[in-house]
Amino acid sequence: MRSFEKSLDMNTKIEILAPAGDYDALVGAIYGGADAVYLGVSEFNARIRAKNFTMETVKEAVRLAHAHGVKVYITLNTALYDRELSKMLEYTCELHNLGVDAFIVADFGVMSLIKATYPEIEVHASTQSTIHNLDGANFVVDTLGVKRVVLARELSKKNIEYVSKNAKCETEIFVHGAHCMSVSGQCLMSYFQGGRSGNRGECAQPCRLPYTINGKSSYHLSLKDMSLASNAKEILDLGVASLKIEGRMKSEDYVKGTVEAWRKIIDEKRNAKKEEIKTLGDLFSRQGFTDGYYKSKIDATMLGIRTQENKDTTKLQAEEKIVLQKPSVDICAEFYLGKESKLTLKVGEKEITVLGDIVEEAQNAPISREDIIKNLSKLGQTPFSLGKIEVLKSDNIMVRVSSINALRRQAVEKYFEVVRKLEVKEYKRPELKEPKKIKTAVFRCEEQIPQNVDYFDVVFLPIDKYKNGSRANGIQLPPVIFDSEWQEIEKMMDNAKSGGIEWALISNIGQIERAKKHGFKLIADYRFNVFNASCVDFLTKNGIENIILAPELSLAQARSFKGYSLISYGNIPAMTTHKCVLKDTVGCEKCEGYMTDRQGAKLFVHGIYGHRNLIYNSVPVYMADKLGDISDFSNHFIFSSETRDECGKVINAYKNKKAPNGTFRRIK
Ligand SMILES: [Zn+2]
C-alpha cells in the first residue's frame, strides 16, 4: 500500500465544481465564481441529451476556463462497450493534450484501461461507480490509481466525514441539484421501461412519473432537489475536497446564480440564510429542497415535483446575457539589436516567456514603439484583454510585423500548452480467463428455497437472512453497506463462514476486500455494470471468480464473455432505494408490496438490509425453452415475489425446457 499524507490543512481551499452543459453555462459558471467545471464531449457521458461539447468547441472551453483559472473535468461516466474502447482511448488522449485537468469515469474497465495506457491522466471515480464506503474509495486508489472519488449521494454527514478523513484520495460530494431516487449507479428503471439505459447516459427519468402503491397514486419516487446550503459551514470541516453542483441540462442563469450563491457562503464560511435559500429555489427547485440523506432524516418530506408555480418562478428569474470580463494580461517585450526578440506574458501568477527572430538593424525606416505596441495588443481572438504593456528596444531596429504577431500568438499558445503531451495508443483487448460454467440463484429467504434447489451449484441468501443450517452455500452482500454498518455485516460474515458458506455474491467494489478476507469465493453481481472486456479483466485479476454481466448486454455482445453469467431467469431489481417507498402507504411492518405504473405494470417492492428497498421490473426474464441460446454462459436466477412452490416449478420448467406462459423478457 502506498503511503498517503492526508492534507487537512485549513488553508486548502474547498473546490466549487459547477456543471457546464454548453458554452453559455460555462460562462455562467465562470462568472459565478466556480473553481472547476465538468462537461461532456458529445459521446461518452451520462447526459446524452445535454447539448455537450465537440472536440472542436471543447478546446475553446478549456482555454476560456483556464484563462480564468478554472479547471475543466470531462465526464466519461457511462459504461462502454468493447467496440467503443479504442475511440475512448483516442478521445482521452486528445482531450488531455488540450489541457483537460481530469476525467470523471464510471466504468471500472475504462478506469483500468486509462491507468494502463496513460498513467499520467487524472481520473476521478464517478458517483455512478457506486462508492459509498472507505473500502470502495481505497480500492479504486490502490488498484486504479484514482485521485478522487465522487461519493454516492445517499451518504449521511457522518459517513461522508468518515470516508473523507480516512480515504487515500480526495472526495467530492454533491451539494446542490436534482437527486436520483435510486442508489447511485444502480438504476435500471429507465432501461426496463423503454430501453433507455441510465448507465449509458440515456435516462428517461421514470422516477418523475406517478405510481400507485396500495391505492394511492402519487410521485413516490420523485425526490426534491437537494441542497446542503443550509449546512455549508460544517461541510467545510468534513475533509471533502470538492462540492459539486448538479445540472448539465440547466441554463446559464441557473448555473451562474447557483454558483454565485455557493461562492458567497463558502467564502464567508457560513450557512445560507433563508433569503438565499429562496433565491436558490427560485432558480430551480421541486417544491423546495431536501437535505434528508445528509441529516439521516429520511421521510416523505424528501419527495417533490416540479410544479407550474416552480416553473413560473424560474421563468421570472431569467436574466440578460452574461458578459464575462476577460482577464487582463501584462505584456513585456524586448527587441535588442542582434538578440532574439523576447516576449513575456503575465496573467495573475502565471508567467510565460517566448523567444522569436533575431532583431536586425533597420535599412530604411526603423520600427516605432507604437507599431510594436499596436501589434502586440491584438488579443481579440484570445480569452485575454490587455493590461500593462512595456516595450524595451534598441534604436534603429527592424522587426517585421509578421514576426511580432508570431511572437504574440506563440506566447498565447504556450500559455495553454500541456506540459506533457501524450501519444494516442491502440486498444488491445485483453485475453480473458474463461470461468467454469455454473448455475447460481439468489433467494429472498430460507422459506422460499424449494426441494429441487440442487439444480444450482450455488444458492445465495441475503446475508441478513442467512442462519446456520441453511440450504444455501452462498451469501449475498447488500447493495449498500455504509461504514457505519460494517461491524454488523462483519459479524454476519463470520457467522456465515463458520456455517460453512463458501461463496459471496458481492454488489460493488467496496465489498471485495472484506469478502476476500473472510475467505469467500467471489461472484460479482450485475450491479458492477460490466459491459466490456477490460472490466471483466480488471475484476478477475482482483480475485473475482465469475461475473454476472450487465442485463443491458445483448446476446451478441455477451458472446465474447464465454463462461460468465447471464441473468437467465427472474425479475431484476430496477431500482435500489435508500428511502423506503412503502413507509407511507403499505407501511413497514412487512415492508413488502406492489407499485403500479401508468401502464398498469406491477412492480414488486420489498425492504432489504438497512431498510432500503428493491423495486423489481415487472416482467421476468424467461429462457427455459431457449437454453441452447445461452449454453455458453453461466446462468443466474433471481427469485423475488415467487412462493416456494413457484420457485420449484420454475426450476422444473428449466429442467424440462418448458415453453413460457404469460409475459416475459428474452435475452436476445
Ligand atoms: Zn419500509
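Quick look at the numbers
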| read-out | value |
| --- | --- |
| Within the range 431-447, tally of residues that are touching a strand residue (DSSP E or B) at 6+ places or on another chain (Cβ under 9 Å) and in a helix (DSSP H, G or I) | 1 |
| Criterion violated by P551 - all others in (1) in contact with a helix residue (DSSP H, G or I) (Cβ under 9 Å, 6 or more places away or on another chain); (2) within 26 Å of I213 (Cα to Cα) satisfied | (2) |
| Pair list, Cβ < 9 Å and 6+ apart or interchain, from the range 595-618 residues that are free of Cβ contacts under 8 Å to residues at least 40 places away in the same chain and among the basic types (K, R) to residues that are more than 12 Å from the ligand (Cβ to nearest atom) and part of a strand (DSSP E or B) | K602/Y594; K602/M595; K602/T596 |
| Close pairs (6 angstrom Cβ cut-off, 6 or more residues apart or separate chains): in contact (Cβ under 8 Å) with a residue 12 or more places away in the chain in the range 356-385, surrounded by fewer than 13 Cβ atoms within 10 Å (Cβ to Cβ) and of a type in the set (V, I, T) anywhere | N375/V401 |
| Of all residues making up the range 328-358, the number that are loosely packed, with under 15 Cβ neighbours inside 10 Å and in contact with a Pro (Cβ under 8 Å, 6 or more places away or on another chain) | 1 |
| The range 604-653, subset touching a helix residue (DSSP H, G or I) at 6+ places or on another chain (Cβ under 7 Å) and of a type in the set (G, A, S), residue nearest to the ligand (Cβ to nearest atom) | G610 |
| Which numbered condition I475 misses (of (1) closer than 13 Å to Y609 by Cβ; (2) within 26 Å of the chain's Cα centre (by Cα)) | (2) |
| Members of the range 54-83 that are of a type in the set (G, A, S) and within 13 Å of F416 (Cβ to Cβ) | A61, A65, A67, G69 |
| Selected residue (criterion: farthest from V259 (Cα to Cα)) from residues of the range 297-325 that are assigned to a loop (DSSP other than H, G, I, E, B) and of a type in the set (A, V, I, L, M, F, W, C) | I298 |
| Hey, I481 in contact with a Gly (Cβ under 9 Å, 6 or more places away or on another chain) and closer than 30 Å to N159 by Cα or not | yes |
| Every residue from the range 613-640 that is surrounded by fewer than 19 Cβ atoms within 10 Å (Cβ to Cβ) and either assigned to a strand (DSSP E or B) or of a type outside the set (A, V, I, L, M) (or both) | D625, K626, G628, D629, S631, D632 |
| Residue in the range 291-298 that is out of contact with any Leu (no Cβ under 8 Å at 6 or more places or on another chain) and under 22 Å from D35 (Cβ atoms) present | no |
| Odd one out for N396, checked against (1) more than 36 Å from the chain's Cα centre (by Cα); (2) within 30 Å of R471 (Cα to Cα) | (2) |
| Looking only at the range 559-585, and only at residues there that are within 14 Å of the ligand (Cβ to nearest atom) and of a type in the set (K, R), the one that is surrounded by the most Cβ atoms within 10 Å (Cβ to Cβ) | K579 |
| Meets criteria (touching a strand residue (DSSP E or B) at 6+ places or on another chain (Cβ under 7 Å) and more than 17 Å from Q128 (Cα to Cα)) for A533 | no |
| Number of the condition not met by K115 [criteria: (1) surrounded by fewer than 24 Cβ atoms within 10 Å (Cβ to Cβ); (2) outside any helix (DSSP H, G or I)] | (2) |
| Residues within the range 414-423 that are modelled with pLDDT under 95 and over 11 Å from L345 (Cα atoms), tallied | 6 |
| Cβ-Cβ under 7 Å pairs, at least 6 apart or on other chains, the range 555-584 side under 29 Å from S534 (Cα atoms), far side outside any strand (DSSP E or B) and among the basic types (K, R) | L555/K668; G563/K436; G563/K437 |
| Per-region count, the range 592-603, residues in a strand (DSSP E or B), out of contact with any Gly (no Cβ under 8 Å at 6 or more places or on another chain) and either within 15 Å of the ligand (Cβ to nearest atom) or not charged (D, E, K, R) (or both) | 5 |
| Residue match in the range 480-488 (condition: without any contact (Cβ under 8 Å) to a residue 60 or more places away in the chain and either touching a Lys or Arg at 6+ places or on another chain (Cβ under 9 Å) or at positive phi (or both)) | no |
| Residue under evaluation G500, criteria (1) over 20 Å from T130 (Cβ atoms); (2) touching a helix residue (DSSP H, G or I) at 6+ places or on another chain (Cβ under 7 Å), criterion not met | (2) |
| Odd one out for N473, checked against (1) in contact with a strand residue (DSSP E or B) (Cβ under 8 Å, 6 or more places away or on another chain); (2) farther than 23 Å from Y191 by Cα; (3) surrounded by 21 or more Cβ atoms within 10 Å (Cβ to Cβ) | (3) |
| Among (1) of a type outside the set (D, E); (2) without any contact (Cβ under 8 Å) to a residue 40 or more places away in the chain; (3) over 20 Å from L539 (Cβ atoms) - the single one C93 does not satisfy | (2) |
| Yes/no for E589 being among the acidic types (D, E), within 16 Å of the ligand (Cβ to nearest atom) and without any contact (Cβ under 8 Å) to a residue 60 or more places away in the chain | yes |
| Complete set of residues in the range 586-603 that are under 28 Å from the mean Cα position of the chain (by Cα) and surrounded by fewer than 19 Cβ atoms within 10 Å (Cβ to Cβ) | D597 |
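The rows are residues; the columns are (1) within 27 Å of K649 (Cβ to Cβ); (2) acidic (D, E); (3) surrounded by 17 or more Cβ atoms within 10 Å (Cβ to Cβ).
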| site | (1), (2), (3) |
| --- | --- |
| K388 | no, no, no |
| I404 | no, no, yes |
| V418 | no, no, no |
| R429 | no, no, no |
| P435 | no, no, yes |
| K467 | yes, no, no |
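Okay, residues lined up against (1) of a type outside the set (F, W, Y); (2) in contact with an Asp or Glu (Cβ under 8 Å, 6 or more places away or on another chain); (3) crowded, with 22+ Cβ neighbours inside 10 Å:
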| site | (1), (2), (3) |
| --- | --- |
| R148 | yes, yes, yes |
| A152 | yes, no, yes |
| K158 | yes, no, no |
| V163 | yes, yes, yes |
| A167 | yes, no, yes |
| Q193 | yes, yes, no |
| S197 | yes, yes, yes |
| C203 | yes, no, no |
| L209 | yes, yes, no |
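The values are calculated or read from the model by the stated rules, or taken from the named source; none is laboratory data. For clarity, every value in this text was computed on a predicted model and none was experimentally measured. Here Cβ is always computed from backbone atoms with ideal geometry, including for glycine, and neighbour counts include all displayed protein chains.
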